[in-house]
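Written below as structure tokens is the structure these notes are about.
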Amino acid sequence: RPSGASANLSEFEEPLSLLLPAVIDGSLVGIYRLEADGKLKYVGGVNGDGKLAADVREPGRYAVLAYEKQFADLPDSHWASGQVKQLAARQLITGVSLDSFEPARSITRSEFTTLLVRLLDLQEAATVDFADVNPNAWYAHDVALAVRAGIVQGAGGAKFAPNASITRQEMAAMIVRAYEYKTGVIAADNESTEFADIDAAPGWAQAAIRKANALGVGEGRSKTKFGPLENGTRAEGA
């Protein structure tokens with residue numbers, strides 16, 4: 001630009017690093033952008049030395065906020081309450097209604113896929129190619145992104161089965177693939193797990209369960225039981 005000239009930018013060609021002081025510490029604090037319609041958009045927040053850092057892609061008004069979402073059916077005493085609150089604060093997970101989370105309900109293949117896609121912040125253009133996924137469905141783009149990234153596969157017969165309950169072994173496999181996609185590192189296989197009920201599972205499922213367990217994100221339903229073919233719940237998904 002000539003000297004003294006200015007330009008209004010609707011977006012940045014390269015993300016800019018934003019550093020804001022965080023007067024409140026904790027896992028529910030993040031940087032949010034105030035949208036034109038008054039809504040808040042979570043943009044990130046890596047905490048360090050009393051400050052939050054995030055890469056921003058558009059100009060606007062940004063602030064550090066603590067966000068704590070309460071669900072009537074998920075009291076603080078629930079074992080997954082902390083994880084759900086953290087994900088809700090990052091705008092990664094929502095309830096089934098304004099005040100209901102339904103933690104014990106089975107999580108569907110589309111719900112868990114969407115959760116991982118949001119966690120990885122995948123935003124590229126992609127189209128879905130499954131006969132049972134309507135291109136206009138709320139999860140269609142997330143499914144397409146997850147398939148492109150190699151995180152999830154179809155259910156056979158050119159179908160995805162978006163509304164089917166996901167099994168715990170499928171969840172483990174998707175978690176491991178998401179980890180490896182994000183880090184570029186092959187997850188370590190912990191062959192010393194004590195799960196006595198995974199021997200009958202297919203080899204890919206056994207390896208995924210062991211890897212997820214080694215990463216600390218694949219706990220069993222007891223010390224010796226993983227429940228590979230049992231359906232995962234929304235609380236477990238979080």
> Are any residues in region 124-138 open to solvent by less than 80 Å² (accessible area, probe 1.4 Å), modelled with pLDDT under 95 and β-branched (Val, Ile, Thr), and if so, which ones?
Replying inline: 128
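Conditions tested, residue by residue: (1) of a type in the set (Gly, Ala, Ser); (2) free of Cβ contacts under 8 Å to residues at least 40 places away in the same chain; (3) open to solvent by 80 Å² or more (accessible area, probe 1.4 Å).
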site	(1), (2), (3)
174	no, no, no
177	no, yes, no
181	no, no, yes
188	yes, yes, no
195	no, yes, no
198	no, yes, no
211	no, yes, no
215	no, no, no
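State whether one or more residues within region 180-190 are within 19 Å of the chain's Cα centre (by Cα), more than 24 Å from residue 144 (Cβ to Cβ) and not in a helix (DSSP H, G or I).
Yes, that holds for at least one residue.
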> Are there any pairs, at least 6 apart or on different chains, whose C-beta atoms fall under 7 Å, with the first in region 114-134 and assigned to a loop (DSSP other than H, G, I, E, B) and the second surrounded by 15 or more Cβ atoms within 10 Å (Cβ to Cβ) and of a type in the set (Phe, Trp, Tyr), and if so, which?
Replying inline: 130/160; 132/160; 133/160
> Quick check: is even one residue across region 218-234 open to solvent by less than 70 Å² (accessible area, probe 1.4 Å), modelled with pLDDT under 95 and either in contact with a helix residue (DSSP H, G or I) (Cβ under 6 Å, 6 or more places away or on another chain) or of a type in the set (A, V, I, L, M) (or both)?
Replying inline: yes
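Tell me yes or no: at least one residue of region 91-107 is open to solvent by 40 Å² or more (accessible area, probe 1.4 Å), of a type in the set (A, V, I, L, M) and under 28 Å from residue 151 (Cα atoms).
At the first step, the residues of region 91-107 found to be open to solvent by 40 Å² or more (accessible area, probe 1.4 Å) are 91, 94, 96-99, 102, 104-105.
Keeping just the survivors that are of a type in the set (A, V, I, L, M) gives 96, 98, 104.
Checking the rest, the ones that are also under 28 Å from residue 151 (Cα atoms) come to 96, 104.
Yes, the conditions are met somewhere in region 91-107.
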>> Checking residue 95 against (1) assigned to a loop (DSSP other than H, G, I, E, B); (2) under 24 Å from residue 27 (Cα atoms); (3) at pLDDT 95 or above, only one condition comes out false. Which one?
In response: (3)
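Looking at 204, 138, can you tell me which residue is out of contact with any Gly (no Cβ under 8 Å at 6 or more places or on another chain), among the aromatic types (Phe, Trp, Tyr) and not in a helix (DSSP H, G or I)?
Details: 204 fails: not in a helix (DSSP H, G or I).
None of the others qualify; the one that does is 138.
Among the residues of region 10-31, what is the count of those that are assigned to a strand (DSSP E or B) and more than 19 Å from residue 70 (Cα to Cα)?
Step one: list which residues in region 10-31 are assigned to a strand (DSSP E or B), which gives 16-21, 29-31.
Keeping just the survivors that are more than 19 Å from residue 70 (Cα to Cα) gives 16-21, 31.
So the answer is 7.
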> Which condition number does residue 76 fail, the rest of (1) open to solvent by less than 70 Å² (accessible area, probe 1.4 Å); (2) not in a helix (DSSP H, G or I) being met?
Replying inline: (1)
>> Quick check on this structure: which one of 71, 112 is surrounded by 16 or more Cβ atoms within 10 Å (Cβ to Cβ), more than 11 Å from the chain's Cα centre (by Cα), of a type in the set (Phe, Trp, Tyr) and at pLDDT 95 or above?
In response: 71
> Filter region 155-172 for residues that are in contact with a strand residue (DSSP E or B) (Cβ under 7 Å, 6 or more places away or on another chain) and in a loop (DSSP other than H, G, I, E, B); which is most open to solvent (accessible area, probe 1.4 Å)?
Replying inline: 163
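The values are calculated or read from the model by the stated rules, or taken from the named source; none is laboratory data. If you're wondering where the values come from, they're calculated on a predicted model, not measured in any experiment. When we count neighbours, we look across all protein chains shown, and the Cβ atoms used for this are built from the backbone with ideal geometry, even at glycine. Just so you know, the surface numbers come from the protein's heavy atoms only, side chains and all, with ligands and any DNA or RNA stripped out. Shrake-Rupley method; radii C 1.70, N 1.55, O 1.52, S 1.80 Å.
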